[in-house]
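Heads up: the structure comes next, in structure tokens.
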Amino acid sequence: MTLALQTIELGLKVAKRTVLEGISLDFPTGSVTAVIGPSGCGKTSFLRCLNRLTELWPQVTQLGQVLLGGVDVQRSGMPYPELRRRVGMVFQRPNPFPGTVYDNVAYGLRLHQRPGRSELDDRVEAAIQRVGLWAEVRDRLDEDALALSLGQQQRLVIARALAVEPEVLLLDEPSSALDPISTLRIEALITELKNRYTLILVTHNVQQAARVADYTAFLYGGQLLEHAESVRLFTNPQRQETEDYITGRYG
Amino acid sequence: MIGRSLERLAGGALALLLGAFALITAAVVYQGIAALVPPPLLQLQLHGGEQVNGLLLRETETELELLLEVRAAKPSWRRLQRSQIVHRSAPESACLLHASDGRIRLHVDCTTAAAAADPETWTRSYPNAGGTLALQRWWQAARDFLLAPVRPDGQGGIGSALVSTLVLVLLMTVLVVPLGIGVALYLAEYAQDTRLTRALRLTVANLAAVPPVVFGLFGLGLLVHVFGSQLDQWLFAERLPSPTFATGGLLWASLVLALLTLPVVVVACEQGLQRVPMRLREASLALGATRSETVLRVLLPAARPALLTAFILAVARASAEVAPLLLVGAVRYAARLPVSSEAPFVHLERPFMHLGYRVLDLATSSAGGHFALQQAFACALVLLLLVLALNGAAIAARFRLRARYRDLGTP
């Protein structure tokens, strides 16, 4: 079993306050790992450590190692844009750029490869196909992306992230702003995508983690309390806090 | 109870503001248009048999003020008490002869031999005529006001001043927009939030409160006298001692205006950039864009409405300024326009005429009297229309962009 991504003793401090501490997690290639935990436990911060979006926050210090394909990101001096091309991210609220559907998906491609027009067309179509949105937007490629429904926008930004062919895709509560039907679509999409990509899903929704994730990690107060195959974690939690959380006693 | 009276007080303040604004606009429009319509030519019979002909410039309850003629730039006036007048008429055939140097002669009846003896080259108009002749008269006056060549005493058409003002404001925009966006980008995107940055930001904002004439003084002292002389020594040595850039001119004036409007532009641009939602920045960075790619491809396009607003503010502010320009290049009379069809097309070193200065000049000149004041209002009206046209274009562009970015929502 190869590891697409691995963290070793990952920690995060914001203005001397410890947000995350000693998190060592393995993400096997082609798997879905859910990260769950109560509000404020550091789930989103953890996700942002993986593609270094933490640099946008003032006064942060990131500790420990992140290994992408076995290579230490920090020590190898990999530039952040390169890291972020290989580790894509989808946010809580759909955030398409103001502009057409086509331009949104082409954004990353234009940054990195600058392909010709026909190749660009092909790759934009392929990316939209992969998220199952092609039938809905094939005639609307020149329309404003903000005119799509929220659910469509979220799938569009997933397509935008996939267009640059990342190895890992980070999903930060991707369905929390969506209606139930759009949520089901996103979950089905996650299951489809895991053959090609390694997915890390932060979610507030315990049932969602149980439905789509192969592995689940439980964060509590900035620490990793439990990490196991989802089936085992949800049927037989080892820690009292985990059990309380998944049975809905707090959160 | 207190809430109710506060509401009335606030409403009253608003009404006062709107009223004052309406009054100013109405005065400028009314007086400005009146200046273009020549006053009637009156034929007055006085007690004692004397007859007086003149253009009616002002009329009050008790007296009349008449312009009798203008001889070699010297107008002659006459003030009459109403009680002196026996009979008053405005004959249709009366005409006014206008020479290109400003001389004016009046005739009660244009068909007489005396009138026919006047030079052919003088413009003839019929101030009392009705119908199409009246329209013609108005058209003629408006055309003269705009297009007549300007004379060395500063009188004449305002065309030169209008074109120069437009060129000045456009040049100022070309200078201030990149500079302002640059400073705003640095403050909004690159600068860390330190005490130094905060002090810098405060300084920029406070520059807006420096009296404009101080900027003019700065322009004269540093730009004209130091940079200008240096430039002359390097590039135009053969023309010395007559100065090229070491005297007020278009370049220095537009630079002074650019510096003057810079704080406004910086503050407006920075606020616009900060209003671009964080999630758009994150989306771009998360796709592997560098910081500068994000600025160029996402941030600046999304902030375009705000950048246009900054441009509108700058233009409004710059077209209203006169004081600093008096020190760095605005003149009463410039023989040549600062633009021409010969290379380099825009002549940065030339002094220029300015609508604002023209208003000041006309309103304070003693020669023209009431007539000159009306002309000043007409100038002010043209200046207002110019600002309105420039801003109108920018506002239209902003509306179109707004429609496109309406769904961006809050940061």
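Residues in the range A:64-87 that are surrounded by 16 or more Cβ atoms within 10 Å (Cβ to Cβ) and free of Cβ contacts under 8 Å to residues at least 60 places away in the same chain: A:64, A:73, A:78, A:80, A:81, A:83, A:84. Scanning the range A:88-98 for residues that are more than 8 Å from every other protein chain (Cβ to nearest Cβ) and crowded, with 19+ Cβ neighbours inside 10 Å, which turns out modelled with the highest pLDDT? Out of the qualifying residues, it is A:90.
Exactly one residue out of B:199, B:205 is within 20 Å of residue B:314 (Cα to Cα) and either within 14 Å of another protein chain (Cβ to nearest Cβ) or not acidic (Asp, Glu) (or both), and it is B:205. Do we have any residue at all in the range A:234-241 that's assigned to a strand (DSSP E or B), without any contact (Cβ under 8 Å) to a residue 60 or more places away in the chain and open to solvent by less than 50 Å² (accessible area, probe 1.4 Å)? No; the residues of the range A:234-241 include none that is assigned to a strand (DSSP E or B), without any contact (Cβ under 8 Å) to a residue 60 or more places away in the chain and open to solvent by less than 50 Å² (accessible area, probe 1.4 Å).
The helices (runs of 4 or more DSSP H) found entirely in the range B:267-385 that carry 2 or more residues being under 30 Å from residue A:146 (Cα atoms) and within 14 Å of another protein chain (Cβ to nearest Cβ) are B:278-286, B:291-294, B:304-320.
Considering the range B:194-244, and only residues there that are over 16 Å from residue B:263 (Cβ atoms) and outside any helix (DSSP H, G or I), the residue that is modelled with the highest pLDDT turns out to be B:194. For the range A:5-23, a residue qualifies if it is more than 19 Å from residue A:241 (Cα to Cα), open to solvent by 10 Å² or more (accessible area, probe 1.4 Å) and part of a strand (DSSP E or B), and the qualifying residues are A:6, A:8, A:9, A:13, A:14, A:17, A:18. Being out of contact with any helix residue (DSSP H, G or I) (no Cβ under 6 Å at 6 or more places or on another chain), open to solvent by less than 50 Å² (accessible area, probe 1.4 Å) and free of Cβ contacts under 8 Å to residues at least 12 places away in the same chain holds for only one residue in B:221, B:228, and it is B:221.
Among the residues here, residue A:124 does not qualify as more than 8 Å from every other protein chain (Cβ to nearest Cβ), among the β-branched types (Val, Ile, Thr), surrounded by fewer than 15 Cβ atoms within 10 Å (Cβ to Cβ) and on the phi < 0 side of the Ramachandran plot. Sub-8 Å Cβ pairs linking a first residue in the range B:363-375 that is closer than 18 Å to residue B:146 by Cα to a second residue that is modelled with pLDDT under 60 and open to solvent by less than 50 Å² (accessible area, probe 1.4 Å), at least 6 apart or interchain, are B:375/B:368, ordered by first then second residue.
State yes or no: is residue B:79 among the basic types (Lys, Arg), closer than 30 Å to residue B:148 by Cα, surrounded by 15 or more Cβ atoms within 10 Å (Cβ to Cβ) and not assigned by TED's automatic domain parsing to the domain that holds residue B:384? Answer is no for this residue. Filtered by the rule that a residue be over 30 Å from residue B:386 (Cβ atoms) and open to solvent by less than 50 Å² (accessible area, probe 1.4 Å), the range B:4-42 gives B:11, B:12, B:41, B:42. Of all residues in the range B:293-307, those being modelled with pLDDT under 90 and open to solvent by 40 Å² or more (accessible area, probe 1.4 Å) number 1.
Within the range A:139-164, the residues that satisfy the criterion of being assigned to a loop (DSSP other than H, G, I, E, B) and either at the interface with another protein chain (Cβ under 9 Å from one of its Cβ atoms) or in contact (Cβ under 8 Å) with a residue 12 or more places away in the chain (or both) are A:140, A:141, A:142, A:143, A:148, A:149, A:164.
So how many residues does the range B:386-411 have that are modelled with pLDDT of 80 or more and within 14 Å of chain A (Cβ to nearest Cβ)? The total comes to 0. Is it fair to say residue A:76 is within 14 Å of chain B (Cβ to nearest Cβ) and either under 16 Å from the mean Cα position of the chain (by Cα) or not hydrophobic (A, V, I, L, M, F, W, C) (or both)? So residue A:76 fails the test.
The set of residues from the range B:66-88 being part of a strand (DSSP E or B) and closer than 19 Å to residue B:103 by Cα comprises B:66, B:67, B:68, B:69, B:70, B:71, B:74, B:75, B:76, B:77, B:78.
For the range A:44-87, a residue qualifies if it is aromatic (Phe, Trp, Tyr) and modelled with pLDDT under 90, and exactly one does: A:57. With the condition kept exactly as written, say whether any residue in the range B:318-328 is buried (at least 17 other Cβ atoms within 10 Å of the Cβ) and of a type in the set (Val, Ile, Thr). The answer is yes, given that some residue of the range B:318-328 is buried (at least 17 other Cβ atoms within 10 Å of the Cβ) and of a type in the set (Val, Ile, Thr).
The values are calculated or read from the model by the stated rules, or taken from the named source; none is laboratory data. Nothing here was measured: the structure is a model prediction, and the numbers come from that model. Don't worry about glycine lacking a Cβ; one is built from the backbone with ideal geometry, like all the others, and counts go over all protein chains shown. In case anyone asks, the SASA skips ligands and DNA or RNA and just uses the protein heavy atoms, side chains included. Shrake-Rupley method; radii C 1.70, N 1.55, O 1.52, S 1.80 Å.
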